[in-house]
Amino acid sequence: MVIDLLLEDSGWNEDHLADLARAACAAALTGLGLHPDRFEISLLACDDARIAALNTDFRGKPTPTNVLSWPAKIIALPTGRMPALPVADAGGPPIELGDIAIAYETCAREAADQGKPFDDHLSHLLIHATLHLLGFDHINDADADLMESIETRILETLGISDPY
C-alpha cells in the first residue's frame with residue numbers, strides 16, 4: 001500500500017499517521033478482496049482551516065469537516081449494491097485511487113466527544129474515505145447500510161468496535 005502523505009498540521013505525528021493510514025487503507029482494500037500493494041492513495045493531513053477551505057471549494061459548505069475524499073475515477077454505484085472494483089495488474093505500477101484530506105482538530109474533537117480512542121476514530125475515517133474512493137457512498141439509506149456494514153466488518157479485523 002502506497003500512501004503519499006503531505007503533512008500540513010503539526011498536530012499530526014507523521015510516522016504514526018503514515019503507519020496507521022497504511023494499515024487502515026490496506027484493511028479496507030483487503031476487506032474487499034483487493035491487493036493493497038497494487039494501489040496508491042494521496043493523503044493530506046491538515047488543520048480545520050485548510051479542510052474548511054476545501055469543503056467550501058468542493059462542496060459549497062464553508063465549515064470544517066473530519067475527512068474529504070476525491071476519487072481518481074468516478075464510479076457509478078447502483079443503489080444498495082457494490083460498485084465495480086478496480087483491477088490492478090500484479091506486475092504493473094500501483095493504481096492511484098485518489099486523494100483524502102483529514103483534519104486534525106475535528107478528528108481529535110470528535111474522538112473526545114464520542115469517547116473513542118483517537119486512533120480508532122482515525123482508522124474508521126480513513127476506511128470510510130477509502131471506500132468513497134472506490135465508489136461507495138451513503139446518499140440514501142440502502143447505500144448507507146451497505147457502506148456501514150462493510151466499514152464495521154473491516155474495523156472488526158483491526159480489533160476496533162462498531163462505531164455506529
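Laboratory data are not the source of any read-out in this text; all were calculated from the coordinates shown. From a predicted model like this one, the values you see are computed outputs, not experimental measurements. Please note: Cβ atoms are built from the backbone with ideal geometry, for glycine as well, and neighbour counts cover all protein chains shown.
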What FRET efficiency comes out for the pair H35/D15, r = Cβ-Cβ distance, R0 = 25 Å, nearest 0.05? 0.55
Which distance in nm do the two modelled labels at A90 and T157 give, with both placed 7 Å along the Cα-to-Cβ direction? 1.9 nm
Have a look at the DSSP beta bridges in the chain and tell me what percent are antiparallel, nearest 5. 25 percent
Potential extension, A108-M82 segment - 0.36 nm per residue separation minus Cα distance: 6.2 nm
Can you compute 3J(HN,Hα) from phi for each residue in region 104-121, using the Karplus curve 6.51 cos²θ - 1.76 cosθ + 1.60 with θ = phi - 60°, rounded to whole Hz and x for Gly and Pro? 4, 4, 5, 4, 5, 5, 4, 4, 5, 4, 8, x, 10, x, 3, 4, 5, 5
The percentage of Cα-Cα pairs in region 1-95 separated by more than 18 Å is 57 percent
Sort F136, F58 so that the residue with the fewest other Cβ atoms within 10 Å of its own Cβ comes first and the one with the most comes last. F58, F136
What ranking do H124, H132, H35 get, fewest neighbouring Cβ atoms within 10 angstrom at the top? H35, H132, H124
Positive-end extreme of charge dipole, region 1-143 - chosen from N66, L85, A28 (charges on Cβ): L85
Can you sort L158, L43 so the residue with the fewest Cβ neighbours within 10 Å comes first? L158, L43
